Structures are given as structure tokens and as C-alpha cells.
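Scroll down for the structure; my scribbles are underneath it.
The values are calculated or read from the model by the stated rules, or taken from the named source; none is laboratory data. Quantities reported herein were computed from a predicted structural model and do not represent experimental measurements. So basically every Cβ, Gly included, is an ideal-geometry build from the backbone, and we count neighbours across all protein chains shown. For the accessible areas, the whole protein counts, side chains as well, though only heavy atoms, and no ligand, DNA or RNA atoms are used. Shrake-Rupley method; radii C 1.70, N 1.55, O 1.52, S 1.80 Å.
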Amino acid sequence: MSSTTAADLAALMTRVAQRDSAAFADLYAATSAKLFGTALRIVKRRDIAEEVVQEAYVAVMQRAGTYDASKGSVIGWMATIVRNRSLDLVRRATPINTGDSEAAERVADEGPDALRQLTESEDTQRLLNCLEALEPERKEMILLAYFHGESREMLGQRFGCPTGTIKTWLHRSIGQLRECMSQ
């Protein structure tokens, strides 16, 4: 996806909506690595991540005509489909029957304890507060880059700035967030 721009992806999506199989192949080539990574981070298994991505591309092909560029980028829309399918799969996963419920109750919980969850929650709240302290445009750039996966080039097009400027702004904004979080 590094050489494919947001405009390229939007053009491919338009062609995919018209059932252009070559455009679909190009869209797949440009986005599959990122979408696979998204699925793998959630489901934690390569084989299941591959299934999720395959199902997501079927959905993309079927729903390409419903994509609305005014609501977000193509990669953001597709990543949302993958993320939602991955989360649905994780939520539907049935617990393994151990056969001995008494023994299972005695097994220590290896998940985070309540204090750790509270700390993580406080860190999350602090991060949100620090994000709010950024200029609105810088906050939007951070969210688009690090939570929606937009490249520096895509951000440059979106904000009408050279890629180098975007990189500098992101670097400075991350520095502001680090400073804010350390206080």
C-alpha cells in the first residue's frame, strides 16, 4: 500500500463497485497486508485471520457500491469491516470444556488484576485528555495515522500539505503527547 494513494484506492473502489475484477485484484494487492495484520492482531491465529480477511473481501466486493468517501478513506472502511468481523469471531468463540469444572475453578486467572485494569483505564483517560490538548488538526492527524492506518502521503493529500510537513507535525504531536502523559 505504500505507493498506492487514497485517491488510487477510491478509484479502485469505484471500479470494484462496477464489478471490475482487475480493479478488485489491484485493491486486494494494495490492501491485503494491512488488513491481514489488523485481523491477526485481533484473532491471534494466522489461519483464522486468513479466513476473516477472505470473508471481508467478499463483503467488500458485495458492498463496494455502498462505500461513501465522505465518511472516510477506503482503507479505513475496509479495516472496519475486517475489525468488526474479527471481533465478532472472537466474541462468538465458545469456551473450551475442561470436563472438570472444580479443577478449572482452582486455576489461577492469568488476566490482569483489578488494579492493573484500573491503571490501564487511568492511562487511557490520561491519553484522551492529552489528545484533547492538541490542536484539533493535529489531533485528527494522530487519530487518522495511528488508529485508522492512514499513511503520511494520505494525510498530506487530506490536509493539503507535503509529506515532510505531515511527518514533522506527527513527530511534534507525539512529543507533546509523551510530555503530557509524563506529567
**OP:** Collect the residues in region 161-183 that are surrounded by 15 or more Cβ atoms within 10 Å (Cβ to Cβ) and under 19 Å from Leu9 (Cβ atoms), keeping them in residue-number order.
**Re:** Ile166
**OP:** Report yes if Leu131 is modelled with pLDDT of 80 or more, over 28 Å from Val53 (Cβ atoms) and open to solvent by less than 40 Å² (accessible area, probe 1.4 Å), otherwise no.
**Re:** yes
Original post:
If only one of Ala11, Ala6, Ala17, Ala29 is of a type in the set (A, V, I, L, M), within 30 Å of Gly160 (Cβ to Cβ) and open to solvent by 60 Å² or more (accessible area, probe 1.4 Å), which one is it?
Top reply: Ala29
Original post:
Restricting the search to region 49-59, which residues are within 18 Å of Leu12 (Cβ to Cβ) and within 16 Å of the chain's Cα centre (by Cα)?
Top reply: Val53, Ala56, Tyr57
**OP:** Evaluate the following for Ala39: is it closer than 23 Å to Asp88 by Cα, outside any loop (DSSP other than H, G, I, E, B) and in contact with an Asp or Glu (Cβ under 9 Å, 6 or more places away or on another chain)?
**Re:** yes
Original post:
Right, Leu40: open to solvent by less than 40 Å² (accessible area, probe 1.4 Å) and either of a type outside the set (Gly, Ala, Ser) or more than 22 Å from Glu153 (Cα to Cα) (or both) or not?
Top reply: no
Original post:
Pick from region 149-160 the residues that are outside any helix (DSSP H, G or I) and crowded, with 16+ Cβ neighbours inside 10 Å: which of them is modelled with the highest pLDDT?
Top reply: Ser151
Subject >> Single residue of region 44-96 satisfying the filter (assigned to a loop (DSSP other than H, G, I, E, B) and touching a Phe, Trp or Tyr at 6+ places or on another chain (Cβ under 9 Å)) that is most open to solvent (accessible area, probe 1.4 Å) >> reply: Asp68
Original post:
Does any residue of region 10-28 turn out to be under 16 Å from the mean Cα position of the chain (by Cα), within 23 Å of Tyr146 (Cα to Cα) and of a type outside the set (D, E, K, R)?
Top reply: no
